[in-house]
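Okay, so here's the structure we're looking at.
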Amino acid sequence: GAGVSQTPSNKVTEKGKYVELRCDPISGHTALYWYRQSLGQGPEFLIYFQGTGAADDSGLPNDRFFAVRPEGSVSTLKIQRTERGDSAVYLCASSQDGQETQYFGPGTRLLVL
Amino acid sequence: AQKITQTQPGMFVQEKEAVTLDCTYDTSDQSYGLFWYKQPSSGEMIFLIYQGSYDEQNATEGRYSLNFQKARKSANLVISASQLGDSAMYFCAASRSAAGNKLTFGGGTRVLVKP
């Protein structure tokens, strides 16, 4: 079966621009997570969706970051007024209802020039 | 809050030998889960193994085993019979035991398998 997919795989943008990163979870997985991984570090939690609602957004660094999951499947992470410090790999993961193990996608490498 | 510490930034291991990757954790939760993930140069995080805090037996998955010592708060990963394809970053992670809880990751250990 298909795993978690993320698009684009790479995104280069200029400081101040708006970007959208997309995540398509494993079919049937109700939980979806976003993480950010800076170079040389482990991933850091951003936000968690259960169904359509954001159940935990405590990891979003500031109000420039926003995520949606309108139909309980695909999710979009939106970053406004990008800054060079936003450059990182953005990882998406999903898990089955009631299960703890999270399965990750290949990530989107974001570079803000 | 949870904290994961991986003290080995990098390791070499000879092909076909076993290697142990250290992980210690700090948590105030009574029930928690411990995970190991592999991240090859391609960037994808691959789930390897899971251990629940109340599991009495150490978890095993093929060539991977988790040496869980609850009193010492350690969850070391043992990879037996190393293969060239095992060369990657390895991350230890923890979560509160319930579905939907975020993972807290350590800084990772880079493993390079020598032929």
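The values are calculated or read from the model by the stated rules, or taken from the named source; none is laboratory data. All values reported here derive from a predicted model rather than from experimental measurement. Here the Cβ positions follow ideal geometry from the backbone for every residue, glycine too, while neighbour counts run over all protein chains shown.
Restricting attention to the range A:27-74, the residues being under 27 Å from B:G107 (Cα atoms) and either small (G, A, S) or in a loop (DSSP other than H, G, I, E, B) (or both) number 18.
Would you confirm, using the coordinates I've provided, whether B:A93 is within 8 Å of chain A (Cβ to nearest Cβ), crowded, with 20+ Cβ neighbours inside 10 Å, among the small types (G, A, S) and under 13 Å from the mean Cα position of the chain (by Cα)? For B:A93, the condition - within 8 Å of chain A (Cβ to nearest Cβ), crowded, with 20+ Cβ neighbours inside 10 Å, among the small types (G, A, S) and under 13 Å from the mean Cα position of the chain (by Cα) - is met. Scanning the range B:2-37 for residues that are within 14 Å of chain A (Cβ to nearest Cβ), over 13 Å from B:F105 (Cβ atoms), touching a residue at least 60 places away in the same chain (Cβ under 8 Å) and not in a strand (DSSP E or B) yields B:Q8, B:P9, B:D29, B:S31.
With B:S31, B:S53 as the choices, which residue is buried (at least 18 other Cβ atoms within 10 Å of the Cβ), modelled with pLDDT under 95 and touching a Lys or Arg at 6+ places or on another chain (Cβ under 8 Å)?
Values: B:S31 fails: buried (at least 18 other Cβ atoms within 10 Å of the Cβ).
The conditions single out B:S53.
Considering only the range A:86-101, I want to know if a residue exists there that is buried (at least 20 other Cβ atoms within 10 Å of the Cβ), facing chain B (nearest Cβ under 8 Å) and part of a loop (DSSP other than H, G, I, E, B). Within the range A:86-101, one or more residues are buried (at least 20 other Cβ atoms within 10 Å of the Cβ), facing chain B (nearest Cβ under 8 Å) and part of a loop (DSSP other than H, G, I, E, B).
Is it the case that A:R109 is of a type outside the set (D, E), under 26 Å from B:V111 (Cα atoms), surrounded by fewer than 21 Cβ atoms within 10 Å (Cβ to Cβ) and under 15 Å from the mean Cα position of the chain (by Cα)?
Details: of a type outside the set (D, E): yes; under 26 Å from B:V111 (Cα atoms): yes; surrounded by fewer than 21 Cβ atoms within 10 Å (Cβ to Cβ): yes; under 15 Å from the mean Cα position of the chain (by Cα): yes.
Answer is yes for this residue.
With respect to B:L112, is the statement that it is over 30 Å from A:A55 (Cα atoms), away from chain A (no Cβ under 14 Å), over 13 Å from the mean Cα position of the chain (by Cα) and aliphatic (A, V, I, L, M) true? Show your work before the answer.
Values: over 30 Å from A:A55 (Cα atoms): yes; away from chain A (no Cβ under 14 Å): yes; over 13 Å from the mean Cα position of the chain (by Cα): yes; aliphatic (A, V, I, L, M): yes.
Against the criterion (over 30 Å from A:A55 (Cα atoms), away from chain A (no Cβ under 14 Å), over 13 Å from the mean Cα position of the chain (by Cα) and aliphatic (A, V, I, L, M)), B:L112 qualifies.
Tell me the strands (runs of 3 or more DSSP E) entirely within the range B:57-115 that contain at least 1 residues that are free of Cβ contacts under 8 Å to residues at least 60 places away in the same chain.
B:64-69, B:74-79, B:88-96
Residues of the range A:53-72 that are loosely packed, with under 14 Cβ neighbours inside 10 Å, within 14 Å of the chain's Cα centre (by Cα) and within 14 Å of another protein chain (Cβ to nearest Cβ): A:S58 alone. Consider the range B:60-90 and keep the residues that are under 20 Å from B:A18 (Cβ atoms), surrounded by fewer than 19 Cβ atoms within 10 Å (Cβ to Cβ) and of a type in the set (A, V, I, L, M, F, W, C). The one that is farthest from the chain's Cα centre (by Cα) is B:L84.
Criterion applied to B:L48, B:L77, B:L66 was being at pLDDT 95 or above, within 14 Å of another protein chain (Cβ to nearest Cβ) and in contact with a Phe, Trp or Tyr (Cβ under 6 Å, 6 or more places away or on another chain), and the one residue passing it is B:L48.
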